[in-house]
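The block underneath contains the structure these notes are about, expressed in structure tokens.
The values are calculated or read from the model by the stated rules, or taken from the named source; none is laboratory data. Predicted model only: the values in this text are computed from it and were never measured. Glycine gets a Cβ as well: all are built from the backbone with ideal geometry, and neighbour counts include every protein chain shown. Calculation scope for accessible area: heavy atoms of the full protein, side chains included, ligands and nucleic acids excluded. Shrake-Rupley method; radii C 1.70, N 1.55, O 1.52, S 1.80 Å.
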Amino acid sequence: MMSALEEYERAPKRLKVSAEDDEELEEGEESDSASAGLVHDDEDEDENEGQSRARRKDHVSDTHHIAPSPVVHVRGLCESVVEADLVEALDKFGNICYVMMMPFKRQALVEFEEVECADRCVSCGSREAVYIAGQQAYFNYSTSKRITRPTNADDPNSGNKVLLLSIQNPLYPITTDVLYTVCNPIGNVQRIVIFKRNGIQAMVEFESIQNAQKAKSALNGADIYAGCCTLKIEYARPSRLNVMRNDNDSWDYTKPFLLRRDRGKGRQRQAILGEHPSSYSDNGYGSHCPLLPLPGNNRFKRSSHDIHEVVTYPLPQSSSYMSQASSSVAMVSGLHPSKMNCAHIFNLFCLYGNIEKVKFMKSVPGTALVEMGDEYAVDRAITHLNSIKVFSKRLNVCVSKQHAVIPSQVFELEDGSCSYKDFAMTRNNRFTSAGQASKNIIQPPSCVLHFYNVPPCVSEDDLQLLCTQHDVPGFIKYKVFDAKPSSKTISGLLEFDSKTRAVEVLTVLNHFQIRIPNGSNPYTLKLCFSTSSHL
């Protein structure tokens, strides 16, 4: 009998790109940002009242350029919003068939049963403020007439009790125990299978279709931990999971021989399992934080009479867990032959974890192996860098079968640099200690770069000249942060025309050595993706 993972890998992949791509193009985004985790905020939380009025005026004019559709594009959502919030706020306009969340973009697609329902929603949003989870949202017709989903997924009588969970920005480990703790308070979980191909995904089988529907509504768009491990939930194709063994990546909770004990009582919408796993250190991850109360009006929480004794097993220790972990080596293909080298790969991938070694493969042109600090760094790199464009070529980032990078068949790349480089001892790795790692905000690529560690004498013109000298795009906006008079460096933001251009600049100029007259040591320019979507 095939396992659930084998069934999933053999089945045609249901990567729901069309509708979301339409919305990204509608918003002026590039089509290369369709992969999970490469989406950005469309609304600025700090908009003043005048900007809000101007935006609503623009919104009204936008509605005249898009034909009416039963699918409504919702923008300006707060970070803590989940599917249930949209349904609660918008079902007054008519019956809702389906909701697709875009968590990192703070947007969603909502499909109504009738065009008239969508028209009432868009018209109301253009006349007056409509609030979702306490924040004003903006509405327009979608260019899609229907949200892509599995057959009959919107029919309650023919739904599926198996959900497909995509975990975006997986900063911390995702195990069967974590997902069980998150999902079981809403409905009895029977089986879980976790698989890692392009990022981290999991299938969770519930006891009934109704429980799966409640879980999707309550958890879609929520963070497992504060600010990371965001859930994007859809209905899966398989109607039942076949679990061959019980471990960190798969578990059958219907087996009678497992130990039993009671769990916690739920989770909080913004951070289901609290701030972060406790005892996070260089050696691994400790036990999980206690669960927090369910969000809102507890509409999906089961009573104490409904919650059966649940199965569990001891949390794995770091050493034993890491010994079972997948590879800490990523394989990167689609690299530009003359513009990408070991240093440029380091500049980009170091934002998501320590880099040990980088080696280009002689037998496969345009492909390199990147050995990172651990498997979680690889997961983060896949989530944020897979399918992005760099120098007009689309990267493909996946887990390698190799467990270490060995410096064999070293050769010269087109730019004259060596095909292999060891970065284990470089001071530019940003996750060398728990304190240093906590300062890094894991961000998907965006059109705004944060620069720091720049000498105060360097001006905006100097940075523009630096871009010109290295044949990378210049920035369109510049902002420097106020610094103390005694500060030896400055920092700020650079905005570019597109996300692709920002990625190329970071790839080339990150860790560039800035030398100043009469200075003893050079300054190392540090770049990373900003949390701001624009300046």
Rounded to whole Å², per residue accessible area for the range 315-457 with a 1.4 Å probe reads 43
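Could you please report the charge total around Ala343, scoring K, R as +1 and D, E as -1 over all other residues with beta-carbon less than 11 angstrom from its beta-carbon? Display every interim value, and only then the final one.
Numbers: positive: Lys421; negative: Asp415.
Net charge in that neighbourhood comes out at 0.
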Candidate cut points under trypsin sites (Lys or Arg not before Pro) in the range 435-494, DSSP loop plus at most 13 other Cβ atoms within 10 Å of their own Cβ, are Lys439, Lys488
Taking every other residue with Cβ under 10 Å from the Cβ of Pro473 and scoring Lys and Arg +1, Asp and Glu -1, one gets -2
The long-range amide H neighbours of Val454, using H built 1.01 Å from N in the peptide plane and a cut-off of under 5 Å, are Ile490
Residues whose modelled amide H sits under 5 Å from the amide H of Tyr141, counting only those 5 or more places away in sequence or on another chain, are His73
Net charge near Phe93 (other residues with Cβ under 11 Å of its Cβ; Lys, Arg +1; Asp, Glu -1) is -3
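Is there a pair in Lys421/Lys477; Lys145/Lys339; Lys439/Lys488; Lys105/Lys488 whose C-alpha atoms are over 30 Å apart, and which pairs would that be?
Values: Lys421/Lys477 35 Å; Lys145/Lys339 41 Å; Lys439/Lys488 20 Å; Lys105/Lys488 36 Å.
In this structure, Lys421/Lys477; Lys145/Lys339; Lys105/Lys488 lie more than 30 Å apart at Cα.
Please compute the length gained on full extension between Ser438 and Phe481, using 0.36 nm multiplied by the number of residues separating them and subtracting their Cα-Cα distance. Mind showing how you got there, number by number?
Working: separation 43, 0.36 × 43 = 15.48 nm, distance 2.15 nm.
That works out to 13.3 nm of additional length.
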With a Förster distance of 45 angstrom and the Cβ-Cβ distance between Glu88 and Asn521, calculated FRET efficiency to the nearest 0.05 equals 0.20
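Can you tell me how much longer the chain between Thr489 and Gln464 gets when fully stretched, taken as 0.36 nm per residue apart minus their C-alpha distance, in nm with one decimal? Spell out each step's value before the answer.
Values: separation 25, 0.36 × 25 = 9.00 nm, distance 1.81 nm.
That pair, Thr489 and Gln464, stretches by 7.2 nm at full extension.
Report, to the nearest whole %, how much of the accessible area of the range 425-535 belongs to carbon and sulfur atoms, 1.4 Å probe, protein only.
So the carbon and sulfur contribution to the accessible surface is 49 percent.
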The ³J(HN,Hα) series, computed from each phi in the range 510-525 with the Karplus coefficients 6.51, -1.76 and 1.60 at θ = phi - 60°, rounded to the nearest Hz and given as x for glycine or proline, is 4, 6, 5, 8, 9, 9, 10, x, 6, x, 7, 10, x, 8, 8, 5
Any trypsin sites (Lys or Arg not before Pro) in the range 338-406 that lie in a DSSP loop and have at most 15 other Cβ atoms within 10 Å would be Lys362, Lys401
